[in-house]
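Here is the structure we will look at.
What follows is calculated from the coordinates using simple rules that are stated; it is not laboratory data. Predicted model, so just to flag it, every value in this text is computed and none were measured. So basically every Cβ, Gly included, is an ideal-geometry build from the backbone, and we count neighbours across all protein chains shown.
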Amino acid sequence: MTTVVGCSSKTPEVKPEQPNASGDNNEAEKVLVVAFERDAETLNHIKTGWYSDALIYIYDRLVSRDYDFNYLPGIATGWETSEDGTIWTFKLKEGIKFHDGTDLTANDVKWTIETIIDPETASPAQSDFAAIKEVIVKDDYTFDIVLNQPFPNLLFILSNTSSGIISEAAYKEYGDDYGSKYLVGSGPYKFEEWVKGDKIVLVKNEEYNWGPDWMENNGTPIIDKIVMRVIPEESSRQMELESGGVHILRDVTATLLPKLEQSETVEVFSGEATKLGYLAYATDKEPFTDIRVRRAINHAINKEDIAKYVFRDNATPAYGYLPPMLSDEYYPNSKEESYEYSIDKAKELLKEAGFPDGLKFILAAENSTEYTRLAEVLQDQLKLAGINVEIQLYDSSSYTAMLKDGKQELFLREYSWPNADILDWFLLSSQFPYPNHSRWQDQKTDELIKAAATSPTWEERALGYH
């Protein structure tokens, strides 16, 4: 269904040395400016599968993860599990306030979770919460999460951005404006404004003193304001960083990285990541309904060259839908059983499928420096097998709209997710047509994914995803 073209093994994050916020002196307002290539789709995390970093700071979650990915209490003080693993009892910290001054209680937790799992909400995160039957409130600070079956992945789900606890009253009060003009969480930063295509501004929550205990600072933030700027042009992001207009660049492209590494005013940080990019096709459209055509495209892609020349060795070839960093769930024989690069095999498969003279498609991608370059390299590689593609580039919002409308043929996409349940999003029939962009609907696939996701132990779950 998809050809995975690159798995990023390093996610560079660039900071200027000694990023002074605004500052004329230590008493000045401390402002941190972070640059992003693309804007958010919405800041209503119930309604999107593409989460802005702003949501991390606006909302609190029941469970937190430390730097070693251990699951620890967030705004929950702890939890207990029934013997059969189907009832999880949580207790909330007392005294937590939403940004509007109202109390965060177990009723808000119940409303947030049950709104996500309600089919009428059509939340992209619904499948993540599918194991949850209901939330039973015992008192203002105690509640049970009742599962349909044992679900070892529950703590991961509850620690995700999608599980940020929302004020029920605020959500209902602001209606369609929630997620664009208004957001009410309980996190360390409050929402101030979102100028679409320009910036998201957050200000510190002066009352915040309920952060996770494992954090060095679990009280009022040190930084007064966070400005998340949208700067689509790579050269502009570079100039802003080197001039001090921004302090941090996220998701630095492979073409920009060498320039920044030579800068005397910039420090580059990189590390292993779970980001994975892939080439996919609309499997419900001719000729992609023919497995021979899909296999031909796979054989025509040289992933090693893409990693070397597009990502400049800041990525490793991906041989499956999950990145190697997911060590438990990653299939160890992925490389050995993947499609080998062979133009001859690609041509032979196209001939068998009835296309001896090749094919012509539209290849869609977001209009970014890296993905434009990737699309051009794929265009050249596919052409060798007789597959001619016309590249169409979109801005972020138009690209998402196009995929939701089902207008795609070949398209490029990426995700960053530290868990195998990402397969639910992209491959389950229930996620058609969004975020199942490849439009794959198959009962056997559904059964295999659901069997893995509902395995009673983590070990069985990992084997199920293999």
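For the range 76-167, calculate the relative contact order in percent as a whole number, restricting contacts to Cα pairs under 8 Å that are 6 or more residues apart. Can you show the working numbers first?
Working: 137 pairs, mean separation 28.1, N = 92.
Answer for the range 76-167 is 31 percent.
Which FRET efficiency value, to the nearest 0.05, do you get for Q149 and D198 by plugging their Cβ-Cβ distance into 1/(1 + (r/R0)^6) with R0 = 56 Å?
It comes out at approximately 0.75.
Based on the Cα atoms of the range 76-167, what semi-axes does the equivalent ellipsoid have, where each is the square root of 5 times one gyration tensor eigenvalue, given in whole Å with the largest first?
20, 17, 11
Pop a pseudo-label 7 angstrom from the Cα along the beta-carbon direction at both K404 and A122 and give the gap in nm to one decimal.
Each label point lies 7 Å from its Cα, and together they span 0.8 nm.
Given labels modelled 7 Å from the Cα in the Cβ direction, how far is it in nm from F432 to E80?
4.5 nm
Pull out a ≥ b ≥ c, the square roots of the eigenvalues of the alpha-carbon gyration tensor of the chain, then state rounded if a/c is under 1.5, prolate if not and a/b is larger than b/c, and oblate in the remaining case.
oblate
Let me have the relative contact order for the range 234-318, percent, based on Cα pairs under 8 Å that are six or more residues apart.
Contact order relative to length: 24 percent.
Do you know the relative contact order of the chain, to the nearest whole percent, from alpha carbon pairs under 8 angstrom that are 6+ apart? It would help to have the intermediate numbers written out before the result.
Details: 957 pairs, mean separation 98.5, N = 466.
Normalised by residue count, the contact order of the chain is 21 percent.
State the extension gain, in nm to one decimal, for the chain segment bounded by D313 and Y71, taking 0.36 nm per residue of separation less the distance between their alpha-carbons. Intermediate results must be reported in sequence, preceding the final value.
On the way: separation 242, 0.36 × 242 = 87.12 nm, distance 3.26 nm.
That works out to 83.9 nm of additional length.
What ranking do H99, H466 get, fewest neighbouring Cβ atoms within 10 angstrom at the top?
Result, fewest neighbours first: H466, H99.
Which length gain, in nm to one decimal place, applies between E352 and A451 when the Cα-Cα distance is subtracted from 0.36 nm times their residue separation?
Answer, rounded to one decimal: 32.2 nm.
Quote the FRET efficiency, to the nearest 0.05, computed for E27 versus I343 with a Förster distance R0 of 56 Å and r equal to the Cβ-Cβ distance.
0.30
Amide H neighbours of E134 under 5 Å, counting only residues 5+ apart in sequence or on other chains, H built in-plane at 1.01 Å?
Those lying under 5 Å, H to H, from E134 are V146.
Stretched out fully, how many nm does the piece from K93 to K181 gain, at 0.36 nm a residue minus the Cα gap?
Working: separation 88, 0.36 × 88 = 31.68 nm, distance 2.86 nm.
The K93-K181 span can extend by a further 28.8 nm.
Quick one: in the range 310-466, what % of C-alpha pairs are over 26 Å apart? Walk me through the numbers before you get to the answer.
Numbers: 4792 of 12246 pairs.
Beyond 26 Å sits 39 percent of the P(r) for the range 310-466.
What FRET efficiency would be calculated for the residue pair K172, E261, taking the C-beta separation as r and a Förster radius of 45 Å, to the nearest 0.05?
0.35
Hey, got the dipole for the range 282-408? About the Cα centre, +1 on K and R Cβ, -1 on D and E Cβ, debye to the nearest 20?
It works out to roughly 240 debye.
Quick check on packing: order 229-235, 35-41, 450-456 by the mean number of other C-beta atoms within 10 Å, highest mean leading.
Ranking, from highest mean packing down: 35-41, 450-456, 229-235.
Straight-line reach from K133: which lysines have Cα under 17 Å away, leaving out those fewer than 8 places along the same chain?
By straight Cα distance, K133 reaches K110, K450.
At 222 nm, what helix-only mean residue ellipticity would the chain give, in deg cm²/dmol to the nearest 500, using -39500 (n - 2.57) for each DSSP H run of four or more?
-7000 deg cm²/dmol
Hey, got the dipole for the chain? About the Cα centre, +1 on K and R Cβ, -1 on D and E Cβ, debye to the nearest 20?
On the way: 46 positive and 79 negative charges, 237 e Å.
Here the size comes out at about 1140 debye.
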